[in-house]
């Protein structure tokens, strides 16, 4: 099911390839820089298993690790390639995959990637490629490095979560902080880089959130199927 670990002849039977898309960016004082990548890979891998895995021709490509994270750039550790570079990478990646895979679905776990993905998918679709993107939505409870993402990481990578350093950030809704965020990035609204409150996070909640995200992605992949 993991594309990088299989052989060329076996990959020839692909029906759909899921491509996790994440970022390397700050997630407050308590979560690792790879948080979005971990979530995207977990959702894509679990969704592929639900859809039947390699036996059903469902493969998970290596992740697009670097994303568009300019809003986090004032925090050390953040590595961003920007919207235009990400768009170009997605376009060329999908063009390559589509030479042997009937369908490609990008599984995105970072909101800052949306502009690049939408533009890339629109261009690719206009070229006749069967490609779509789906989101690993974590914003129902909080926006960034709060209870939802902390719970997910407690479930997926508990050894990388430093709960003793967890603290609340700006808990206002996105609509209220968006103008300042656009002008000055995350640091303009949250000095610690957190949008939300990690208090109450648990591995059990993370497992439930992951199941819901996987079910949502599987449903949307099926809806978008030809």
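Here residue 169 meets the list (1) touching a helix residue (DSSP H, G or I) at 6+ places or on another chain (Cβ under 8 Å); (2) modelled with pLDDT of 95 or more; (3) in a loop (DSSP other than H, G, I, E, B); (4) surrounded by 22 or more Cβ atoms within 10 Å (Cβ to Cβ) almost entirely, failing just condition (1).
The rows are residues; the columns are (1) under 26 Å from residue 182 (Cβ atoms); (2) in contact (Cβ under 8 Å) with a residue 12 or more places away in the chain; (3) in contact with a strand residue (DSSP E or B) (Cβ under 6 Å, 6 or more places away or on another chain).
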residue: 20; (1), (2), (3): no, yes, yes
residue: 27; (1), (2), (3): yes, yes, no
residue: 33; (1), (2), (3): yes, yes, yes
residue: 37; (1), (2), (3): yes, yes, no
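Of everything in region 67-85 that is assigned to a helix (DSSP H, G or I) and without any contact (Cβ under 8 Å) to a residue 60 or more places away in the chain, the residue that is surrounded by the most Cβ atoms within 10 Å (Cβ to Cβ) is 83. Here residue 143 clears all of (1) over 19 Å from the mean Cα position of the chain (by Cα); (2) under 20 Å from residue 68 (Cα atoms) except the condition numbered (1). Here residue 219 clears all of (1) farther than 23 Å from residue 34 by Cβ; (2) touching a residue at least 12 places away in the same chain (Cβ under 8 Å) except the condition numbered (2).
Filter region 130-143 down to residues that are out of contact with any helix residue (DSSP H, G or I) (no Cβ under 6 Å at 6 or more places or on another chain) and modelled with pLDDT of 95 or more and give me whichever is nearest to residue 210 (Cα to Cα). So the residue we want is 132. Take the conditions (1) closer than 22 Å to residue 38 by Cβ; (2) part of a helix (DSSP H, G or I); residue 175 misses just one of them, which is (1). When residue 200 is tested against (1) part of a loop (DSSP other than H, G, I, E, B); (2) surrounded by 13 or more Cβ atoms within 10 Å (Cβ to Cβ), just one condition goes unmet, and that condition is (2). Would you pick out the residues in region 178-197 that are part of a helix (DSSP H, G or I) and either loosely packed, with under 12 Cβ neighbours inside 10 Å or without any contact (Cβ under 8 Å) to a residue 24 or more places away in the chain (or both)? Matches in region 178-197: 178, 179, 180, 182, 183, 184, 188. Look at residue 185 and say whether it is more than 21 Å from residue 61 (Cβ to Cβ) and touching a strand residue (DSSP E or B) at 6+ places or on another chain (Cβ under 9 Å). For residue 185, the condition - more than 21 Å from residue 61 (Cβ to Cβ) and touching a strand residue (DSSP E or B) at 6+ places or on another chain (Cβ under 9 Å) - is not met. Filtered by the rule that a residue be surrounded by fewer than 24 Cβ atoms within 10 Å (Cβ to Cβ), under 30 Å from residue 28 (Cα atoms) and over 13 Å from the mean Cα position of the chain (by Cα), region 89-119 gives 89, 115, 118, 119.
The values are calculated or read from the model by the stated rules, or taken from the named source; none is laboratory data. Quantities reported herein were computed from a predicted structural model and do not represent experimental measurements. For neighbour counting, all protein chains shown are included, and Cβ atoms are generated from backbone atoms with ideal geometry for every residue, glycine included.
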